[in-house]
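Working notes, structure below.
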Amino acid sequence: MKLDYDVKYGLEGVAVAISSISCVDGVKGELVYRGFKIEDLVENSNFEETAYLIWFGNLPNENELDFITSMLSKKRELPENIIYMMENFPKNAHPMEVLRSIVSILGMYSNNDNSTLEDAINLTAKIPTIIAYWYRIKNNLDLIHPRDDLKHSENFLYMLFGEIPEKSELFDKSLILHMEQGMNASTFAATVTASTLSDVYSIITTAIGTLKGPLHGGANERVLNMLDEIKTKEKVENYLNSLISRNKKIMGFGHRIYKTYDPRALILKKWLSNMNEKVKYFDIAVKVEEEVLKRFESKKIYPNVDFYSGILYNYFKIPKEFFTTIFAMARIVGWTAHAMEYCKNNRIFRPRTIYNGPKNLDYKKVKEVERNG
Ligand code: ACO
């Protein structure tokens, strides 16, 4: 049947804005932030500098870097009332639920009902504290308050564990990898909320709720669940056969834009393979990748960023249910950059659906309604 309308489920291939924030080339497998290749940024930059680049459009000079570093380090602490609330949350609440809720509550503590860069920086500074405090509360540990003499990611690891682990620079670089990725689902959700001229807390609450889903950022936690279930390299083939025969998606594989290797997954894999010691799960993951590439060659399904990131976070002893919060801790930079960029030429998002239901039905009172079957 020929349809006289064109519905793009999932808006596949539809451009909704012009943006100078990042370029994702899904054919070449390239990712560029504000003109700089992701490989150069992870090699040379850090969280603060790349955040400045994404927000302001250019690399900072020394004064500008000091400015952003100090803004981020001074706004880390949470209001006492919020800590009290968190202490009374159910201990089994998922960290993404806690993060989504606390970001929303923080909106009540802000005088601003629109969205400014200052609010974006304030929230970026506080997200690591929310995550670390929840980790400590959930595990019945005393809170470790933020220190303003530490870098963004060092301070996060310090608030989690009371010390800064070796190779913490890799954790910092992994945040750069997660910071921005064009009009992905959570950035789109953030941009839709921004287009109504809502406030930054609402924008980021929307985005966190979207990132949480297993088809998006929630995949990193599921990858570790899968590797836990597989247990050994020898069991990979049977495990995949069983998933594929049940038409189940393999977590950490596939991408709407990348139809080749996701450059972020490639970088993470390289870091893991260059570690001096044996990294837990890595051998199983490499075998999974090998088998998936073989089986899905024609569909062009490759590992995405979520496939190897959890193995790195597990290396830092971060529990798997916290993985997606770390993604959010980085991606807030991209979310807020897109929200602010879009609002410069704002037009409220209002797509349409094609109605295919009946019209002109006669209303019936409840007692007259009959149901067949
Ligand atoms: N495992 C098995 N088959 C897959 C996978 C996968 N991970 N990904 C895609 N496919 C198959 C689809 O079933 C489809 O097959 P078909 O043509 O026979 O129906 C084909 O490949 C095309 O895939 P789509 O589903 O059309 O791809 P889409 O762009 O809609 O979805 C998505 C992309 C959601 C990421 C998908 O690949 C997926 O579900 N992956 C697993 C979850 C995941 O890892 N998400 C994280 C993505 S990265 C991120 O958001 C940060």
- Using a 10 Å cut-off on Cβ atoms, rank the peptides 329-335, 357-363 from the highest mean neighbour count down. 329-335, 357-363
- Query: How large is the helix-only mean residue ellipticity at 222 nm for the chain, computed as the sum of -39500 (n - 2.57) over DSSP H runs with n ≥ 4, divided by its residue count, in deg cm²/dmol to the nearest 500?
  - Reply: -16500 deg cm²/dmol
- Item | Least to most buried among Arg350, Arg136 (fewest other Cβ within 10 Å first) | Arg350, Arg136
- Task: List the residues whose amide H sits under 5 Å from the amide H of Phe253, counting only those 5 or more places along or on another chain, with H placed 1.01 Å from N in the peptide plane.
- Result: Asn304
- According to a simple spin-label model (label point 7 Å from Cα along Cα-to-Cβ), what is the distance in nm between Asn111 and Asn356? 5.3 nm
- Along the range 85-90, Karplus-curve 3J(HN,Hα) (6.51, -1.76, 1.60; θ = phi - 60°) to the nearest Hz, with x for Gly and Pro, reads 4, 4, 5, 9, 6, x
- Zone reached by a paramagnetic label modelled 7 Å from Ser245 Cα along Cα→Cβ, restricted to the range 274-298 with backbone N below 18 Å, covers 292, 295-296
- Item | Computed lengthening from Lys167 to Asn225, 0.36 nm per intervening residue step minus Cα-Cα distance | 18.4 nm
- Task: Please report, in debye to the nearest 20, how large the charge dipole of the range 219-315 is about its Cα centre when each Lys and Arg carries +1 at its beta carbon and each Asp and Glu carries -1 there.
- Result: 320 debye
- Cα centroid of the range 98-127 to Cα centroid of the range 1-73, whole Å: 21 Å
- Query: Given Ser45, Phe171, Ser73, which one lies farthest toward the positive end of the charge dipole of the chain, if we put +1 on the Cβ of every Lys and Arg and -1 on the Cβ of every Asp and Glu?
  - Reply: Phe171
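On full extension of the chain, what length is gained from Lys37 through Glu234, given 0.36 nm per residue of separation minus the C-alpha to C-alpha distance? Mind dumping the intermediate values first?
Details: separation 197, 0.36 × 197 = 70.92 nm, distance 3.72 nm.
Contour length minus the Cα-Cα distance gives 67.2 nm.
Suppose a student asked you for the relative contact order of the chain, using Cα pairs under 8 Å spaced at least 6 residues apart; what percent would you report? Display every interim value, and only then the final one.
Details: 483 pairs, mean separation 85.8, N = 373.
Answer for the chain is 23 percent.
May I ask you to list the trypsin sites (Lys or Arg not before Pro) in the range 177-253 that are in a DSSP loop and have at most 13 other Cβ atoms within 10 Å of their Cβ?
Working: sites: Lys212, Arg222, Lys231, Lys233, Lys235, Arg246, Lys248, Lys249; in loops: Lys212, Lys231, Arg246, Lys248, Lys249.
Taking the range 177-253 and a limit of 13 other Cβ atoms within 10 Å, the loop trypsin sites (Lys or Arg not before Pro) found are Lys231, Arg246, Lys248.
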- Taking only the alpha-carbon atoms of the chain, what semi-axes of the equivalent ellipsoid follow from 5 times the gyration tensor eigenvalues under a square root, in whole Å, largest first? 33, 29, 23
- Phi angles of the range 167-179, converted by Karplus (6.51 cos²θ - 1.76 cosθ + 1.60, θ = phi - 60°) into ³J(HN,Hα) in whole Hz with x for Gly and Pro, give 6, 4, 5, 5, 4, 4, 5, 5, 5, 4, 4, 9, 5
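Values in this text are rule-based calculations from the coordinates and carry no lab data. Computed from a predicted model, the values in this text were never measured in an experiment. Note that we place each Cβ from the backbone using ideal geometry, even for glycine, and neighbour counts take in every protein chain shown.
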